[in-house]
Amino acid sequence: MVSKDQKVDFKILRDGTWYHEGAPIKRERLAKLFSDRALSVDEDGNYWLKTPFEKYPVQVEDVPFVIVGYEGTKLRTNMDEYVDLKDGARWELRGGIPYVEVRGGLYARIGRAVLYNMVEEFGTAIQLGENSFPLGEA
């Protein structure tokens with residue numbers, strides 16, 4: 001965890017909204033740049049924005065990404081990144097809600113509307129050969 005005396009200028013809310021110094025980042029391209037190029041998570045579960053010269057702590061309410069759409073097995077995050085389940089993505093249930101690894105230990109929660117659509121289309125799990133991606137707890 002980030003130490004109590006360390007100032008946190010960046011925050012990612014549960015809905016995927018990025019904040020800097022208490023205000024939402026309104027330029028989507030800037031938030032996308034941060035998420036694509038600088039965001040990481042360490043072995044203790046702390047999130048960081050790392051540049052070649054500095055490292056800033058990021059407070060994350062849940063996970064940094066939300067799955068906001070899908071087409072077949074390709075899932076799209078709120079930062080317009082794609083995860084294809086056919087590529088062997090890591091998938092886990094947390095409190096009955098599916099989460100998928102986007103990259104490097106950074107996860108996305110399947111958004112509620114997307115989850116309902118997936119359940120309607122696939123049932124209780126997405127089956128890809130021998131791999132099963134459960135969409136909830138039975």
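The values are calculated or read from the model by the stated rules, or taken from the named source; none is laboratory data. All of these numbers come straight from a predicted model, not from anything done at the bench. Methodologically, a virtual Cβ is constructed for each residue, glycine included, from the backbone with ideal geometry; neighbour enumeration extends over all protein chains shown.
Is one or more of the residues making up the range 44-56 touching a residue at least 40 places away in the same chain (Cβ under 8 Å) and assigned to a strand (DSSP E or B)? Within the range 44-56, one or more residues are touching a residue at least 40 places away in the same chain (Cβ under 8 Å) and assigned to a strand (DSSP E or B).
Between 37, 14, 29, the distinction of being in a loop (DSSP other than H, G, I, E, B) and not assigned by TED's automatic domain parsing to the domain that holds residue 119 belongs to 14 only.
So that you can scan it fast, the table gives a plain yes or no per residue for (1) of a type in the set (D, E, K, R); (2) within 12 Å of the chain's Cα centre (by Cα); (3) closer than 14 Å to residue 15 by Cα:
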site: 27; (1), (2), (3): yes, no, no
site: 40; (1), (2), (3): no, yes, no
site: 48; (1), (2), (3): no, no, no
site: 52; (1), (2), (3): no, no, no
site: 58; (1), (2), (3): no, no, no
site: 64; (1), (2), (3): no, yes, yes
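In the range 80-138, the residue that is surrounded by the most Cβ atoms within 10 Å (Cβ to Cβ) out of those that are acidic (Asp, Glu) and assigned to a strand (DSSP E or B) is 101. Would you check if residue 77 is among the hydroxyl-bearing types (Ser, Thr, Tyr) and modelled with pLDDT of 95 or more? It is true that residue 77 is among the hydroxyl-bearing types (Ser, Thr, Tyr) and modelled with pLDDT of 95 or more.
Candidates in the range 1-14 are the residues that are among the charged types (D, E, K, R) and at pLDDT 95 or above; of these, the one that is nearest to residue 59 (Cα to Cα) is 11.
Within the set 94, 76, 103, 112, the sole residue that is in contact with a strand residue (DSSP E or B) (Cβ under 6 Å, 6 or more places away or on another chain) and either assigned by TED's automatic domain parsing to the domain that holds residue 27 or charged (D, E, K, R) (or both) turns out to be 76.
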